Structures are given as C-alpha cells and as structure tokens.
Amino acid sequence: MEQFFDDYTLRTVTLGTAILGAVSGALGTFAVLRRQSLLGDAVSHAALPGIGLAFILTSSKASLVLMVGAGLAGWLATAVVLLVTTSTRVKYDSALGLVLSVFFGAGLVLLTFIQKYPNANQAGLDSFLFGQAASLVVGDVITMTVLGGIVLVALLLFWKEFKLLAFDPEFAHSLVLPVRWLDIGLTTLLVVAIVIGLQTVGVVLMSAMIIAPAAAARQWTDNLGVMALISMVTGALCGVGGALLSTSTSNLPTGPTIVVCAGGFVVVSMLIAPHRGIIWQQVRQTVQNRKLKSEAVLLDLFELARKHDDLGYPHMETALRVIHPKRGTLYRQLRRLEGRGLVKMYDSGAWALTPDGILVCKQLLDERIR
Amino acid sequence: MVNAIEVRDLTVAYRERPVLWDIDLDVASGVLMAVVGPNGAGKTTLIKAILGLMKPAAGQVRILGKPYRNVASSVGYVPQRGTVDWDFPTSVLDVVLMGLYGRLGWIRRPGRSERKEAIAALEKVDMAGFAHRQISQLSGGQRQRVFLARALIQDARVYLMDEPLQGVDATTERAIIDILHSLRSSGKTVLVVHHDLQTVSTYFDEVLLLNVRRIASGPVSEAFTDTNLGLTYGGRIAIIKDAQ
C-alpha cells in the first residue's frame with residue numbers, strides 16, 4: 001500500500017513537471033527569439049504578490065485560485081513595463097528591473113504578513129519561492145494540464161501569425177494583421193506558461209525554464225517548428241529529471257534542481273551541437289584551414305610545373321620552400337597530398353603532381369575564376 | 001484617374017520634434033518614383049506613415065483613393081534589410097511565404113500551391129536555388145532579393161520600398177532595377193527610398209526631394225535640379241554633380 005502511494009505521488013509529479021516543462025519550452029522559443037527572456041523573469045517574480053493576495057482574499061490554497069492571482073499580477077507587471085517604457089524615458093531593461101524588484105518585494109512583504117495570520121498554515125505558500133514538486137497533487141496537475149493544453153492549442157492555431165510577429169512585426173502590420181493584439185495574446189500565453197510552473201519551480205528561477213530549453217534548442221536547428229519541439233522535449237526532460245531528483249532527496253528544493261539540469265542541456269548544446277556548437281565550429285575551421293594550406297602547396301607546384309610545359313614536372317622541396325618558408329609544415333602538407341594521391345615523390349626527393357593532382361588543380365582554378 | 005498615392009498636409013512628430021512637416025504628394029499610377037534626402041530627412045518615416053505604421057500628428061494618406069486599411073492587399077512593402085534578425089530560425093521559402101499571410105487569413109497554413117507561388121517569386125529575383133537555405137547564410141544582396149520576392153508574391157498594385165539598393169553589389173542592383181522597371185511596365189506604382197543621387201535620373205521617372213518638408217517633386221528632369229538639391233542637402237551637393 002505504501003509502495004503504491006509512493007508510485008502514485010511519483011507519477012503525479014512526473015506528469016505535472018513534464019507538462020510544465022513542455023509548455024514553458026514552447027513559449028520560451030518565442031520569448032527567446034523576441035528577446036523577451038527577461039520579461040519572463042519579471043513576470044515570474046511579479047507573480048508572487050498575486051499569489052499572496054489571492055490567498056488573503058480567498059483563504060484558499062487551490063492551485064487554480066493562486067494561479068489566477070499569479071497570472072493577473074504577472075500580466076499587470078508586463079502592462080506596467082510597457083507603460084513605463086512608452087510614456088517615460090526609462091529604458092526597457094531598467095523598467096523590467098524596477099518592476100521585477102518592486103513586485104517581488106511586495107510579494108515578500110505579503111508572505112511575511114500571511115505568516116502571522118492566526119489560522120493559516122502558510123507552509124504551502126513558502127514553496128512558491130523555490131518550488132516544491134512534492135507538493136503537487138492530482139488536482140494541481142489537472143489544472144496544469146488544462147491550462148497548458150489551452151496554451152499549446154492557441155500557439156498552434158496562430159502559429160504563422162506569431163511567427164511573423166516574432167520575425168518582422170512591421171511587415172505584419174503592413175498586412176493589417178492586428179499586431180498589438182497578437183503581441184498581447186502571445187505575452188498572455190507566456191504569462192500562463194510561467195504561472196503553470198510557479199508551484200513546482202518557484203518564482204525565483206522560473207525564468208530559466210523559459211530561457212534554457214529554448215536557448216539549447218536553438219543550437220540544434222534552423223527551423224522554428226523543430227526548435228519549439230526540441231525545446232518542449234528538453235523542458236519536459238529537465239522538469240521530470242529535476243523533480244524526481246528533488247523528491248527522492250529530502251528537502252532539496254525542486255526549482256534549483258530543475259534549473260541545474262536545464263543548465264547542463266544548454267552547456268552541452270553550446271559545445272557539441274552541429275554547425276553552431278563551439279567544438280563543431282573549431283573542428284570545421286581547423287579542417288578548412290588545413291585544406292586551404294595544402295591546396296596552396298598543390299597550386300604552387302602546379303604553377304612551377306607550368307613553366308616546363310609538363311604539368312607533371314618534378315621539383316625539389318627547396319624550390320617550394322621559397323614560397324613556404326616553414327620546412328616542417330611544407331613537408332607535412334606534401335605528405336598529406338601524397339596520401340590523397342595528388343602528388344608523388346621521386347627517389348631523388350623531388351615532388352611532382354600526379355594526373356589526379358593536375359585535375360584537382362584545374363578544378364580549383366576554375367572555381368576561383370568563377 | 002485616381003492617384004496611386006495621395007498625401008495631404010502630412011505631419012509626423014517623434015515626441016515633440018517634427019520628422020515630417022506638412023507634406024503634400026501625389027504619385028500617379030504606373031510611376032517609378034525615388035525618394036531622396038539626407039539622413040534624418042524623414043524618408044523612412046514617410047513610407048511608414050503611408051503604410052499606417054506611424055500615426056500622423058496631422059494630415060491624411062490615401063492609396064488608390066482609399067484609406068490604407070481598405071487597400072492593404074494591394075500594397076506591397078519592402079522594409080530595410082536591417083530591421084529584422086537574420087539569425088531567425090527560418091528558411092528563404094518561409095520568408096517569401098510571409099507575403100501571403102494577409103491573403104491566407106487566420107489559421108490557414110500555406111500549402112502546395114502557395115509554395116509554388118513562392119518558388120515562382122524567387123525565380124523572378126534569381127534566388128530559386130536558395131529556397132531551402134537558412135536565411136542567416138545569405139549575403140546582403142541575397143537578403144534584399146528575398147525581401148523583394150516577399151513583396152512580389154503579394155501581387156500588389158502599389159509598392160513601397162525602403163532603401164532596396166543600399167549596400168548591394170552591382171549585379172544585385174542591376175537585377176533589382178530590372179524588376180522595378182518590369183513592375184512599372186505592368187502598370188504598378190513604385191515608391192523607392194534611394195540614396196545614390198548619381199543614378200536617380202537613369203533609374204527613375206519621378207523624384208521626391210525630402211528634408212522634413214517636401215522640397216520638390218515631379219518628373220526627374222524638372223524636379224532634380226541643382227537648386228532643389230542645394231535646398232535639400234544644404235548647398236554642398238552641386239559639387240558632386242559637377243564632378244560627375
């Protein structure tokens with residue numbers, strides 16, 4: 001019986017974190033591409049006073065009630081940021097920082113106030129700071145699933161409009177698409193995606209769930225749809241991995257565990273992803289440089305031989321060394337070309353192009369002329 | 001016959017500073033017009049105000065005799081290349097298809113026939129071979145051609161282009177000019193923000209000289225005079241013309 005209960009809790013937690021990871025991964029894709037990652041941070045911090053107020057007003061800890069409070073506060077925060085940037089000379093980043101800290105401060109004040117409430121057990125609210133996956137119950141997961149489902153369906157329905165909004169909002173405007181409403185809509189979806197995760201990941205680190213999976217996904221693909229899918233899967237994996245780790249180890253807060261996991265994905269992606277990964281780029285550059293260097297030697301041999309009416313005319317290494325002073329490098333290049341069957345060495349130590357080598361030279365020269 | 005573009009008493013201000021002051025402009029149908037003027041003259045602002053992207057402080061704009069909203073599907077827009085993030089994860093074909101989003105309406109996705117149209121538009125700008133390239137892999141001139149293809153697919157009657165020849169190589173410039181001329185010969189009206197004074201008279205029929213106010217507009221032979229250039233650029237420009 002005990003075992004069954006544990007599995008049951010575990011399954012609830014797994015399902016809940018998978019859903020929140022997938023939803024925040026999908027919306028994070030757009031947030032990252034629209035350079036709104038920090039807006040996510042402001043929204044999640046700003047949600048805290050919303051949670052506190054919702055609890056004070058209703059005395060309820062039902063997840064839907066708290067999520068509505070969090071959502072309204074988060075949404076209000078984005079509206080304030082917009083208002084401040086459009087009507088004052090305060091810049092976007094300053095406005096974000098301002099709103100984030102003021103709302104978060106207000107949230108902490110409210111939490112302390114609630115702590116002194118006579119009949120309220122506020123332990124549940126504390127977990128909203130750093131997240132507590134173990135506190136998820138079936139009701140919470142159902143709420144998360146329904147809200148998350150709505151967000152994903154909306155994203156899918158308006159996919160092409162949101163894509164254009166993210167890529168070229170002015171062009172969207174010129175097609176008389178309602179850019180302002182699309183913007184509000186997409187931001188609202190982002191707020192909902194954040195709100196879904198607050199109980200599990202916590203307000204302090206929730207923005208990482210928006211940014212990290214999308215940033216990792218960007219490394220692997222050049223297609224928006226594929227990027228969103230990879231981001232969703234990454235988000236879900238991080239969510240589940242982090243939640244399982246934190247629930248199996250007592251008192252480990254879930255948010256940090258999930259975020260450490262997501263950070264791992266980002267680092268690995270930045271290092272090894274094809275095309276964009278750092279290691280991949282290094283390797284490609286080295287290969288490219290090596291190819292150019294040996295091609296240069298090959299072409300020099302071609303130039304020298306051309307003066308003799310015989311393209312296969314052999315030359316001593318010394319003749320080439322006039323052009324390529326570094327002895328070791330030159331010898332290595334010649335050996336490498338020999339390995340590719342483009343040059344051959346005579347017993348005298350002289351080097352000559354093979355028929356294949358002559359062909360390659362002609363192709364190279366053709367390409368360069370074009 | 002109704003003018004393609006009619007601008008009346010247009011004033012646009014950014015905060016308290018006027019960027020465009022009391023502009024009147026008529027562009028007849030089938031005309032290829034250059035908009036020239038120094039930096040900060042309000043060339044881009046004029047285009048944006050015509051498209052309704054910027055709210056005028058005063059005045060009004062009519063396109064084909066109607067407000068922009070009612071004729072948006074007949075207007076094609078080529079923004080400056082630098083206004084978008086070319087590292088966005090999307091392909092050349094996808095960008096061109098965006099030109100059809102207005103016509104497609106909500107929720108519907110572009111399908112096979114739309115993709116065919118997009119390829120045809122790319123062929124016109126000689127970029128069909130790049131359809132599946134990621135856009136960050138394109139050169140500046142290629143990016144400009146892609147933006148042009150996105151406008152061509154709109155099959156508009158009036159085109160507004162912001163610096164399409166800025167920083168492109170000679171081949172691309174030639175190709176773009178050919179397209180502008182073929183647009184004109186099929187009766188389209190094209191307004192082009194242009195920066196190279198040397199080519200105004202060879203490429204364009206009419207010209208608008210702009211420096212916050214409208215200095216002059218009309219056929220190049222009449223409006224593009226040393227006096228007007230001096231008024232637009234502040235006196236120094238005649239030297240360049242003499243050197244030509």
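Quick look at the numbers
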| item | result |
| --- | --- |
| Beta bridges per DSSP with both ends in the protein assembly as shown, % antiparallel, nearest 5 | 60 percent |
| Approximate spin-label separation B:TYR14-A:VAL102, in nm, with each point projected 7 Å along Cα-to-Cβ | 2.7 nm |
| Surface accessible to a 1.4 Å probe, B:ASP26 within the full protein complex, Å² | 70 Å² |
| Inter-probe distance in nm under a simple model that places probes 7 Å from Cα toward Cβ, at A:THR354 and A:LEU157 | 6.6 nm |
| Reach of B:LYS55 by Cα under 28 Å, taken over lysines that are not fewer than 8 positions away in the same chain | A:LYS91, A:LYS160, A:LYS163, B:LYS43, B:LYS66, B:LYS188 |
| Between 0 and 90°, nearest 10: helix A:278-306 axis offset from chain A longest Cα axis | 20 degrees |
| Longest to shortest principal axis, alpha-carbon extents of the protein assembly as shown, angstrom | 97, 84, 46 |
| Degrees between helix A:224-248 axis and first principal axis of chain A (Cα, 0 to 90, nearest 10) | 60 degrees |
| Helical contribution to [θ] at 222 nm, DSSP H n ≥ 4, -39,500 (n - 2.57), averaged over chain A, rounded to 500 | -26500 deg cm²/dmol |
| Distance between region B:83-162 and region A:229-274 - C-alpha centres, whole angstrom | 37 Å |
| Percent breakdown of C-alpha pair distances by 5 Å bin, ordered from the shortest bin, for chain B | 1, 6, 13, 17, 19, 17, 13, 8, 4, 1, 0, 0 |
| Per residue, the convex hull volume that the Cα atoms of region A:134-180 enclose (Å³) | 94 Å³ |
| Computed [θ] at 222 nm, helices only, for chain B once each DSSP H run of length n ≥ 4 contributes -39500 (n - 2.57) | -9500 deg cm²/dmol |
| Selection of trypsin sites (Lys or Arg not before Pro), region A:119-180, meeting DSSP coil and at most 12 other Cβ within 10 Å | none |
| Within-10-Å neighbourhood charge of B:SER182 [Cβ basis; K, R +1; D, E -1] | +2 |
| FRET efficiency estimate (nearest 0.05) - Cβ-Cβ, B:ALA28 to A:ARG284, R0 45 angstrom | 0.25 |
| Under 5 Å, built H, 5+ apart or other chain: amide partners of B:VAL31 | B:VAL190 |
| A versus B: buried accessible surface, summed, Å² (probe 1.4 Å, to nearest 100) | 3000 Å² |
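The values are calculated or read from the model by the stated rules, or taken from the named source; none is laboratory data. In this text, all values refer to a predicted model and were calculated from it rather than measured experimentally. Virtual Cβ from ideal backbone geometry, glycine too; neighbours counted across all protein chains shown. Surface areas here come from the heavy atoms of the whole protein model, side chains and all, with no ligands, DNA or RNA. Shrake-Rupley method; radii C 1.70, N 1.55, O 1.52, S 1.80 Å.
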